[in-house]
Amino acid sequence: MLTQRKIANAALSLIQDRGYRGLTMSALAQRLGVSASALYNHVGSKRDIMILVQDRVNREIDCSAFGTEDWDVALARWARSYRDVYARNIPLIPVMAVLPVANSPHTLRMYERVTAGLVEAGWPESRVVSAVTAVESLVFGSAYDATAPDDIFDPGDLDDVAPVFSSAVARRNLSLAVDDDAAEGSRAADAAFDLGLRCLLAGFRQELAVLRQA
């Protein structure tokens, strides 16, 4: 028997193996061991499949801190979980970043919980979606960065062209070398995400303080 969960899991596996372009109705039917006509009885299009995948992946994102922790602590915990989930699902980012949330019940429930937590903390409803979008921009970019090669900023033989930048890269690499438990690329991506998230939250706190005064 086909179920939405089985279809979503098979589609996710197919995307991870072949990329988004490798997800076709025929390829998915073959992976599920059914005919294409049987698959069409459950989903009408590739977009329907991606909605199932969206909900399947977003179930892994932890937003449980909203309602139990301060809004900024909850937002940070949500952002870290969000980033970790999509760092494991890089091929999905170009699609999920622009896929409408209509008809995605779990995804909508996630956004509802985040939104309710921010509104309860005093964020105006008119600013909440923009705040969430700003966090997601950092999350998706950082998830990509987690897969970048270790030497992405190595200037090679052209360090004289950008001496200040080359020195900054060397200093960063030296500061990251103290952590022997993670690969260099992972350490660099984590450090960049931590810095970005701290700065984003600091700006959010300042913005909320101004909004409260107004």
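Data overview
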| read-out | value |
| --- | --- |
| Condition met for VAL119 (within 20 Å of CYS63 (Cα to Cα), in contact with an Asp or Glu (Cβ under 8 Å, 6 or more places away or on another chain) and surrounded by 11 or more Cβ atoms within 10 Å (Cβ to Cβ)) | yes |
| Residue in the range 65-81 that is among the charged types (D, E, K, R), touching a residue at least 60 places away in the same chain (Cβ under 8 Å) and at negative phi present | yes |
| Identity of the residue in the range 14-33, over 26 Å from the mean Cα position of the chain (by Cα) and of a type outside the set (A, V, I, L, M), that ends up farthest from ILE49 (Cα to Cα) | GLY33 |
| Members of the range 47-59 found to be among the acidic types (Asp, Glu) and touching a Ser or Thr at 6+ places or on another chain (Cβ under 8 Å), listed by number | ASP55 |
| Extreme residue, farthest from the chain's Cα centre (by Cα), among residues of the range 138-178 that are assigned to a helix (DSSP H, G or I) and touching a residue at least 24 places away in the same chain (Cβ under 8 Å) | ASP145 |
| Matching entry among ASP48, ASP72, ASP17 (being among the acidic types (Asp, Glu) and in contact with a helix residue (DSSP H, G or I) (Cβ under 7 Å, 6 or more places away or on another chain)) | ASP72 |
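All of the numbers you see were taken from the coordinates with simple rules; none came from a lab. This is a predicted model, so every value here is computed, not measured. Cβ sites come from the backbone with ideal geometry, for glycine too, and all protein chains shown count toward neighbours.
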